[in-house]
1. Could you grab me the full set of residues in the stretch 315-338 that are in a loop (DSSP other than H, G, I, E, B) and surrounded by 18 or more Cβ atoms within 10 Å (Cβ to Cβ)?
2. In this structure, is Arg137 away from the ligand (no atom under 16 Å from the Cβ), open to solvent by 30 Å² or more (accessible area, probe 1.4 Å), over 30 Å from Asp265 (Cβ atoms) and under 17 Å from the mean Cα position of the chain (by Cα)?
3. Could you say whether any residue in the stretch 92-112 is within 24 Å of Pro327 (Cα to Cα), within 16 Å of the ligand (Cβ to nearest atom), open to solvent by less than 10 Å² (accessible area, probe 1.4 Å) and in contact with a His (Cβ under 7 Å, 6 or more places away or on another chain)?
4. Just to be sure, is Asp10 of a type in the set (Asp, Glu), at pLDDT 95 or above and open to solvent by 20 Å² or more (accessible area, probe 1.4 Å)?
5. With respect to Leu148, determine if the residue is at pLDDT 95 or above, away from the ligand (no atom under 16 Å from the Cβ) and either buried (at least 20 other Cβ atoms within 10 Å of the Cβ) or closer than 16 Å to Ala224 by Cβ (or both).
6. Say we look at the stretch 342-365 and pick out the residues that are open to solvent by 30 Å² or more (accessible area, probe 1.4 Å) and among the aliphatic types (A, V, I, L, M); which of these is farthest from Tyr314 (Cα to Cα)?
7. Could we say that Leu193 is open to solvent by less than 10 Å² (accessible area, probe 1.4 Å) and more than 10 Å from the ligand (Cβ to nearest atom) here?
8. Val230 fails exactly one of the following numbered conditions: (1) open to solvent by less than 50 Å² (accessible area, probe 1.4 Å); (2) more than 16 Å from the ligand (Cβ to nearest atom); (3) of a type outside the set (Gly, Ala, Ser); (4) over 16 Å from His50 (Cβ atoms). What is the number of that condition?
Amino acid sequence: MWYERMDLEDWFDTYQFAVDYDVGESAVKFLTLGDLGMDLTSVALRYGHHKGLPELREVLANDYEGLSADDVIVTAGGSEANFAIVSALVKPGDHVVVEHPNYPSLYEVPRSLGCDVALFRLRRENAFKPDWDELERLITPKTKLISLTHPNNPTGSMIDTAEFERAVSIAESYGVYLLFDETYRELSYGEQLPGAGASSPHVISLSSMSKSYGLPGIRIGWLATRSAEVRDAVLAIREQVTITNSALGEQIAFSVLKRKTEFIDRARTHVQQNFEIVRTWMATQEALDWIEPGAGVVGFPWIVDSRIDPEEIYTRLVKEYRSFVIPGRCFEMDNAHFRLGYGGAKDELQIGLVNIGNAIADSLD
Ligand SMILES: Cc1ncc(COP(=O)(O)O)c(C=O)c1O
């Protein structure tokens, strides 16, 4: 087992605090404690419940038909949930199928654990849609786990309920677990998928307060599954890493989720307005093309003009325009692609887009 730095997190670490126009982020506009108007003075700063604050698990369970608070474990972000689920379910040498492109942890954790990881590609020529027959072809007798993310980061690829049910039935018929990352579920543009973990004991939902709520700083995520075996195995892993969650983070998440509709309605309206801004802008960009995201707050456009050196554009954007996108190489994709995030403030987005156009124009001068 060997962990390496993730290019994506390295890029963030190097540049995100050196820019004014962040059009690469994958969350809705970050909130402050002041925005939430919460009094946290009475929160006991003690160790919490190992599975997470009971009342928080209770509100989270409401999203999963037929599940209760006992079926939910609160974690330090979706990242800890992914780490614990994968570590609980696979051993070195096991075969794991992970959708790609994706948030890199989804494939880096099983790789680092010594698994044989097959990438299930969302292909540009297929509008970044999954090909379910291909998924079945990738499964081998050694496959233990399939990992899918929709709405997808970085492509914005979305699936419908019938496709989701197909994925669940594939997992069931081959007797493998399905880790379904639904971190952006609330930011669907049309039909919202059902809470995945309720669908079958083979399925584990992974989600987070980071993206749809704009609260990555509280480091609260969760998993939900009918499988008691998986939940127990996850607890055994996380006891060695974080033991329990941040008391402040749990209390903030609980207070926000009590007013969930208000937060999500606001986030959706904001994202729809920003999406229209990006769509209008994209239509004017001769050097760029994209597949319109079907949900979420990110898209994965690409530079079509082969005279342009993509890396030069991305670094020029940071250094000369104080603007930030994520290079495709951070997702093990062709570097002509970049992640464009449109969850942030409207003014920041508008200026960031103009700056992308200007950086491209500079390089063609
Ligand atoms: C699809 C997806 N899953 C999980 C995560 C992990 O985020 P967090 O640990 O903040 O919940 C990310 C972060 O970018 C993500 O994009």
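1. Across the stretch 315-338, the qualifying residues are Val325, Met333, Ala336.
2. Answer is no for this residue.
3. yes
4. no
5. When the stated conditions are applied, Leu148 does not pass them.
6. Ala345
7. yes
8. Evaluating Val230 over (1) open to solvent by less than 50 Å² (accessible area, probe 1.4 Å); (2) more than 16 Å from the ligand (Cβ to nearest atom); (3) of a type outside the set (Gly, Ala, Ser); (4) over 16 Å from His50 (Cβ atoms) leaves (4) as the failure.
The values are calculated or read from the model by the stated rules, or taken from the named source; none is laboratory data. Quick caveat, the model's predicted, so the values are computed rather than measured. Glycine also receives a Cβ, built like all others from the backbone with ideal geometry; neighbour counts cover every protein chain displayed. Keep in mind that these areas ignore ligands, DNA and RNA; they rest on the heavy atoms of the full protein, side chains included. Shrake-Rupley method; radii C 1.70, N 1.55, O 1.52, S 1.80 Å.
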